[in-house]
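Student: Here it is, the structure, as structure tokens.
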Amino acid sequence: MELTDSWSRACGADPATAPLARLAALEDRYELRETRNAAAVLAATAPGEFAELCAVLDAFVLHTADLIEAGGNESRLAHRLNDDFRVRGWREGRVDTVVRSVLQVQPWAPAGERDVVERRNEVRNEGYKVDNVKGRVALDVEWNAKDGNLDRDIGAYRSLYDAGLIDGAVLLTRTHDDMREIARRLSRDAGHTDEQIRSRFSTSTTTHLGKLESRMTRGDAGGCPLLAVAVTARCWGPDEAVPGSEVSARQPAAEQPVLDGWSG
């Protein structure tokens with residue numbers, strides 16, 4: 001599937017009159033990809049949600065702790081982004097499938113039968129969760145998860161779109177090479193040895209834009225317009241005081257684990 005770039009048509013325009021211009025202005029900090037003119041579709045059909053997406057991205061700053069501190073099931077960065085959407089009214093959703101089957105047994109007049117006999121059965125399958133849903137837009141944050149999560153997310157978007165429940169979807173992730181390099185540099189600044197850094201950058205199965213883009217060009221989202229936004233190293237800012245951060249230049253290196261998943 002050919003990727004589109006509908007936001008590029010608004011470069012240099014006034015965001016007050018061209019909502020896409022606000023996303024275009026963020027291209028100096030983020031990498032953008034889309035299928036089926038997703039940005040233009042969302043700006044037209046969900047202007048409020050699109051404006052909130054741009055507001056969250058505009059205010060976002062990548063902190064050192066996001067790169068060198070282990071995050072567990074939900075990284076500090078993903079939690080922060082999800083909270084930014086939740087306070088704006090976005091909520092977690094789940095895609096369930098209900099299959100209802102009806103067998104109609106037709107009457108046979110010679111036997112004196114007149115009524116149709118029905119037998120019904122219903123199967124309910126609990127589906128995948130979506131990090132954030134508002135109006136007719138679905139959005140997930142996949143910062144440092146297993147790359148199989150991308151298949152789950154895109155499958156959910158496709159099901160929701162085919163069912164007529166959403167008009168498009170957004171997937172927030174990260175770039176790879178530049179983020180790996182800045183993570184290495186910040187880790188060295190934090191006191192990690194080269195051996196520690198090499199051992200912690202060993203996993204190659206986590207989410208990033210390259211893995212997402214291949215799924216987009218393959219057409220995995222079907223007819224659902226999908227906008228991918230990748231955080232880059234250009235989003236990083238020196239954090240003299242990061243609220244809630246447990247990382248300090250005075251802490252020993254052993255207490256500052258490096259984020260995994262940057263090797264390939």
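Student: I'd like to know if segment 165-184 contains one or more residues that are over 27 Å from GLU27 (Cβ atoms) and either at pLDDT below 75 or surrounded by 13 or more Cβ atoms within 10 Å (Cβ to Cβ) (or both). So that I can check it myself, show each step before the final result.
Tutor: Initially, segment 165-184 is screened for residues over 27 Å from GLU27 (Cβ atoms), giving 165.
In the following step, the residues that additionally are either at pLDDT below 75 or surrounded by 13 or more Cβ atoms within 10 Å (Cβ to Cβ) (or both) were identified as 165.
Yes, segment 165-184 has at least one match.
Student: Kindly indicate whether ARG94 is at pLDDT below 95, touching an Asp or Glu at 6+ places or on another chain (Cβ under 9 Å) and under 18 Å from VAL231 (Cα atoms).
Tutor: Taking the combined requirement at face value, the residue does not satisfy it.
Student: Additional query: Which residue is nearest to THR232 (Cα to Cα), if the candidates are limited to segment 128-144 and must be open to solvent by 20 Å² or more (accessible area, probe 1.4 Å) and of a type outside the set (D, E, K, R)?
Tutor: Residues of segment 128-144 open to solvent by 20 Å² or more (accessible area, probe 1.4 Å): 128-129, 131, 133-136, 144.
Still in the running and of a type outside the set (D, E, K, R): 128, 133, 135, 144.
Working: TYR128: 28, VAL133: 24, GLY135: 28, ASN144: 13 Å.
Looking at residues that are open to solvent by 20 Å² or more (accessible area, probe 1.4 Å) and of a type outside the set (D, E, K, R), I get ASN144.
Student: Could you tell me whether ARG124 is out of contact with any helix residue (DSSP H, G or I) (no Cβ under 8 Å at 6 or more places or on another chain), among the basic types (Lys, Arg) and surrounded by fewer than 14 Cβ atoms within 10 Å (Cβ to Cβ)?
Tutor: Working: out of contact with any helix residue (DSSP H, G or I) (no Cβ under 8 Å at 6 or more places or on another chain): yes; among the basic types (Lys, Arg): yes; surrounded by fewer than 14 Cβ atoms within 10 Å (Cβ to Cβ): yes.
So ARG124 passes the test.
Student: Continuing with the same structure: Taking the criterion of being under 15 Å from LEU227 (Cα atoms), surrounded by fewer than 20 Cβ atoms within 10 Å (Cβ to Cβ) and among the aliphatic types (A, V, I, L, M), would at least one residue in segment 23-33 satisfy it?
Tutor: Yes.
Student: May I pose another question? Tell me, which helices (runs of 4 or more DSSP H) lie completely within segment 1-99 with 1 or more residues that are in contact with a Phe, Trp or Tyr (Cβ under 6 Å, 6 or more places away or on another chain)?
Tutor: On the way: elements: 20-24, 38-45, 47-59, 64-68, 76-86.
Result: 20-24, 38-45, 76-86.
Student: Restricting to segment 191-216, name every residue that is small (Gly, Ala, Ser) and at pLDDT below 90.
Tutor: GLY191, SER199, SER202, SER204
Student: Starting from residues that are in contact with an Asp or Glu (Cβ under 6 Å, 6 or more places away or on another chain) and more than 21 Å from ILE166 (Cα to Cα), keep the ones in segment 35-73 and report whichever is modelled with the highest pLDDT.
Tutor: HIS63
Student: When only residues in segment 80-116 that are β-branched (Val, Ile, Thr) and open to solvent by less than 90 Å² (accessible area, probe 1.4 Å) count, which is farthest from the chain's Cα centre (by Cα)? Outline the logic, then answer.
Tutor: Step one: list which residues in segment 80-116 are β-branched (Val, Ile, Thr), which gives 87, 95, 97-99, 102, 105, 116.
After this cut, where a residue has to be open to solvent by less than 90 Å² (accessible area, probe 1.4 Å) as well, the list is 95, 97-99, 102, 105, 116.
Values: VAL95: 16, THR97: 22, VAL98: 25, VAL99: 28, VAL102: 38, VAL105: 47, VAL116: 49 Å.
Selected residue: VAL116.
Student: Tell me the residue from ARG188, ARG119 that is at pLDDT 95 or above and more than 29 Å from the chain's Cα centre (by Cα), please. Give the derivation first.
Tutor: Details: ARG188 fails: at pLDDT 95 or above.
The match here is ARG119.
The values are calculated or read from the model by the stated rules, or taken from the named source; none is laboratory data. Keep in mind the model is a prediction, meaning the values are calculated, not measured. When we count neighbours, we look across all protein chains shown, and the Cβ atoms used for this are built from the backbone with ideal geometry, even at glycine. Note: accessible area is taken over every heavy atom of the protein model, side chains too, but ligands, DNA and RNA are not part of it. Shrake-Rupley method; radii C 1.70, N 1.55, O 1.52, S 1.80 Å.
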